[in-house]
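Written below as structure tokens is the structure these notes are about.
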Amino acid sequence: MLIRQATVNGTVADVRVGEVVEAIAAKLVPLPGEQVLEAEGGELLPGLHDHHMHLYASAAAHSSLDCHVGAVEPELGRQHLARRIAAYPGLGWIRGINYHEQQLGELDRWMLDDLCSHRPLRIQHRSGKVWVCNTLALSELGFDRGGNEDGVEIDAQGRLTGRVVRNDPLMAQRLQQIGESTDPDIGFLSRELARFGIVGVTDTSASNTLASADNFNRLHQQGVLLQRVEVMGADDLDVGYLKILLDEDRLPPLDRLVQRINRARNKGRNVAFHCVTHVELVFALAALDEAEPPTRGFDRVEHGAMVNDDMAQRLAQLAVPVITQPGFLYAKGDQYLQDLSAAEQDDLYRYRGLLDCGVSVVASSDGPYGPINPWQVVSSAVNRATSSGALVTPWEQVVPEEALAGYLTSSAELTMRRSFQELKAITVGKAADLCLLKGKWSDLRHNPEKVTVRATVIGGSVVFDSASG
Ligand SMILES: [Zn+2]
């Protein structure tokens, strides 16, 4: 394939790609039958890698209707929800998630019928404990034929309320019987990621096992999952990081944690700590002090939501990168400003201050918990604005190139601090995993959230082309 007239390495050039970049020159003549992509001066970057996300949870969130309507009057909330349901694409089932009764009160089938009576609709409570079905959904799932199934709630008059309480397996079984898939649509999510220029993802779910890794590989080979996937996860994985979830309220005995780390080291694995509080990070650092050091590579801290200077200096000494999520400042920042003391805010999702202490900081999404759009993440790192426009510790702002750097770095090289020029270089012989922007980076960098991708290429194949919709 020939990418014609792209801005690459600071000049406008033609780039020929197979599985790797084959040639870069001011002018290349298309070969007979060769696919040509007109870049029209757009910046050609290496494809982006999101170093922290959860693919299955993101896919589930992505192919579901978000029923969170925010802090509004119930009637207004009902209208919001009705509009979202009316706009939901397709014709069949609608799956809603993230509902909380504080918003519209307890849901039942009649309330759902008011919102939608012409398509089967099921909505899951935010806690995951309850599904509520409308009348059509109850009938399609066969609940109206009786059977007194566990958790299928009935009111005093013996009528189905539409609520199925704590019985997910029954819901899944009935949905399968009627051919309604309960698997999240990984393909849909993957195409969305491709639209943003993402060519690789690290799935950081602590529950990942060998089977999950095999599953991702199979989906990739089948072409369902377009991105290259790296996996971290549970103790019984043989490769990738051991993901250690630290929870301040339930910290394990330190010696047990150290043993766990050492067992992972014996398999050649390093560790990634989930740390969102000071205490969790102090504990992680204490465990690393006691454990055997990595024989190669480095450990990681995920989130690093609370880091003070002393901790930052220790992280720098240990060469442990912080995989941060600036997107949370946008999505949850207003809540943080309300809930946290001024001193806590000073340590919240730091960026500039950590870089200044010598820590490698890598921006990522933590999708679906943070926004998956990398350009929004970069923008949040740059302006540190909440969704209402308030600023969180603006002295922690970074320039767009610093925020984008992690997305352009392979996971083995996260502790190497390279210049942006070096990171964005396209060179002959490198894998043809590419992200072609609409426009030049030097123009786009002023509004990173407005970046649009012209095309995304993985291993020489176009996986997203804005021209073909
Ligand atoms: Zn996560």
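Just so you know, all these numbers are worked out from the coordinates, no wet-lab data involved. Predicted model, so just to flag it, every value in this text is computed and none were measured. Methodologically, a virtual Cβ is constructed for each residue, glycine included, from the backbone with ideal geometry; neighbour enumeration extends over all protein chains shown.
Ranked by how many other Cβ atoms sit within 10 Å of their own Cβ, fewest first, the residues 109, 166 fall in the order 166, 109.
What shape does the range 399-455 take by its C-alpha gyration tensor, where a ≥ b ≥ c are the square roots of the eigenvalues and a/c under 1.5 counts as rounded, a/b above b/c as prolate, and the rest as oblate? Let's see the in-between values first.
On the way: a/c = 2.05, a/b = 1.28, b/c = 1.60.
Note, shape of the range 399-455 comes out oblate.
Counting only DSSP beta bridges with both residues in the chain, the antiparallel share comes to about 50 percent.
Does the range 346-456 classify as rounded, prolate or oblate by the C-alpha gyration tensor (a ≥ b ≥ c root eigenvalues; a/c under 1.5 gives rounded; else a/b over b/c gives prolate, otherwise oblate)?
Here the range 346-456 falls in the oblate category.
Count the lysine pairs in the chain whose Cα atoms sit under 29 Å apart, keeping only pairs 8 or more residues apart in sequence or on different chains. Here the count comes out as 17. About its Cα centre, the range 290-420 has a charge dipole of approximately 400 debye under the convention of +1 per Lys or Arg Cβ and -1 per Asp or Glu Cβ, with nothing else charged.
So for 430, 332, 27, 243, fewest C-beta neighbours within 10 Å to most, what's the order? Provide the component values of the computation, followed by the final result.
Values: 430 13, 332 17, 27 8, 243 23.
Placing the least packed residue first, the sequence is 27, 430, 332, 243.
Sorting the segments 400-411, 81-92 by their mean number of nearby beta carbons within 10 angstrom, highest to lowest, gives 400-411, 81-92. Look at 154, 24, 244, 123 and count the other Cβ atoms within 10 Å of each Cβ; fewest to most, that gives 154, 24, 244, 123.
Under the rule of -39500 (n - 2.57) per DSSP H run of 4 or more residues, summed and divided by the residues of the chain, what mean residue ellipticity at 222 nm is obtained, to the nearest 500 deg cm²/dmol? Numbers along the way, then the final one.
On the way: 18 runs with 154 residues, N = 469.
When only DSSP H runs of four or more count, the value is -9000 deg cm²/dmol.
Here's the picture: charge each Lys and Arg Cβ at +1 and each Asp and Glu Cβ at -1 in the chain, and of 389, 135, 410 the one pushed furthest to the positive end of that dipole is 410. Dipole orientation for the chain: of the candidates 165, 222, 244, 222 has the Cα lying most toward the positive pole (charges on Cβ; Lys, Arg +1; Asp, Glu -1).
Label the range 242-425 by shape, choosing from rounded, prolate and oblate, from the square roots a ≥ b ≥ c of the eigenvalues of the Cα gyration tensor; if a/c is under 1.5 it is rounded, and otherwise prolate applies when a/b is larger than b/c, oblate when it is not. Don't skip to the end; give the middle numbers.
On the way: a/c = 1.94, a/b = 1.32, b/c = 1.47.
Oblate, since a/c reaches 1.5 and b/c is not below a/b.
Could you check what % of the DSSP bridge pairs in the range 1-99 are antiparallel, to the nearest 5? The antiparallel fraction comes to roughly 60 percent.
In this Cβ point-charge picture (+1 for Lys and Arg, -1 for Asp and Glu), the range 292-338 has a dipole of about 120 debye about its Cα centre.
Run the dipole for the chain about the Cα centre, Lys and Arg Cβ at +1, Asp and Glu Cβ at -1, nothing else charged, and hand back the magnitude in debye, nearest 20.
On the way: 45 positive and 61 negative charges, 203 e Å.
In total the dipole reaches around 980 debye.
For the chain, the relative contact order comes to 18 percent (Cα pairs under 8 Å, sequence separation of at least 6). Counting other Cβ atoms within 10 Å, keep those with at most 16, restrict to DSSP loop, and tell me which GluC sites (Glu not before Pro) in the range 80-179 are left. In loop regions of the range 80-179 (DSSP not H, G, I, E or B), the sparsely surrounded GluC sites (Glu not before Pro) are 106, 149. Between residue 410 and residue 188, the distance separating the two model label sites (each 7 Å from Cα on the Cα→Cβ line) works out to 3.4 nm. Each of 41, 54, 15 was scored by the projection of its Cα onto the charge dipole of the range 1-130, and the greatest displacement toward the positive side belongs to 54; charges sit on the C-beta of Lys, Arg, Asp and Glu.
Can you give me the Cα centroid spacing of the range 1-79 and the range 247-320 in angstrom? Result: 34 Å between the Cα centres.
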